[in-house]
Amino acid sequence: MNDNEELNSVEDIVGKPTVDYAATKRRVVMLLLAYSAILGITLGFGLLPGKDKLIDFVVFLPFTLLGIFWCSTDAAERDHRIGRPTGCLLILLFCVGLPIYLFQTRGVVAIRTLSLTMVLVVAMFACLIVTSLATLYFGEVTGLWKIDY
């Protein structure tokens with residue numbers, strides 16, 4: 001083996017990214033959909049009361065954490081550093097922080113990303129409703145509970 005062959009193999013390894021950011025972001029989207037399905041099942045069993053703010057916070061915290069993880073992965077992919085104000089907005093008011101982050105990193109193209117985000121939110125809501133209805137149907141068919149119409 002001569003020195004040129006070894007040098008070429010090192011260049012090939014260095015040129016490839018070590019992290020597949022697109023796959024990581026897809027996994028986050030799939031986890032959001034899966035958590036929506038799990039939340040729909042728990043709603044079907046009637047396990048989530050709507051009056052306790054602490055339980056509501058704990059139940060919806062994974063949505064925010066996954067959203068923040070998606071933003072940090074996207075920032076790493078774009079070599080963008082999320083500033084302190086945007087980071088605080090992402091943590092405290094994710095619905096406000098996400099559009100600001102997207103406009104910082106993409107400019108006007110962020111409108112397309114926001115529209116895809118709205119499609120994801122609709123898909124998550126549909127997943128939640130379908131799994132909740134399927135849980136109710138399964139419980140009624142198996143005799144676990146009786147639904148009054």
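Tabulated data
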item: Top-ranked residue in segment 124-149 [being among the small types (Gly, Ala, Ser) and surrounded by 11 or more Cβ atoms within 10 Å (Cβ to Cβ); ranked as farthest from Leu32 (Cα to Cα)]; result: Gly139
item: Any chance Tyr35 is out of contact with any Ser or Thr (no Cβ under 9 Å at 6 or more places or on another chain), surrounded by 11 or more Cβ atoms within 10 Å (Cβ to Cβ) and in contact (Cβ under 8 Å) with a residue 12 or more places away in the chain; result: yes
item: Elements of type helices (runs of 4 or more DSSP H) in segment 17-122, at least 1 residues being of a type in the set (S, T, N, Q) and under 30 Å from Ala134 (Cβ atoms); result: 21-44, 53-77
item: Hey, Thr24 at pLDDT 85 or above and of a type in the set (S, T, N, Q) or not; result: yes
item: Answer residue from segment 38-83, given it is among the small types (Gly, Ala, Ser) and over 22 Å from Arg27 (Cα atoms) and is surrounded by the most Cβ atoms within 10 Å (Cβ to Cβ) among those; result: Gly44
item: Breaking point among (1) surrounded by fewer than 16 Cβ atoms within 10 Å (Cβ to Cβ); (2) under 22 Å from Ala22 (Cβ atoms); (3) in contact (Cβ under 8 Å) with a residue 60 or more places away in the chain; (4) not basic (Lys, Arg), for Val121; result: (3)
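The values are calculated or read from the model by the stated rules, or taken from the named source; none is laboratory data. Source: prediction; values computed, not measured. Cβ: placed from backbone, ideal geometry, glycine included. Neighbour counts: every protein chain shown.
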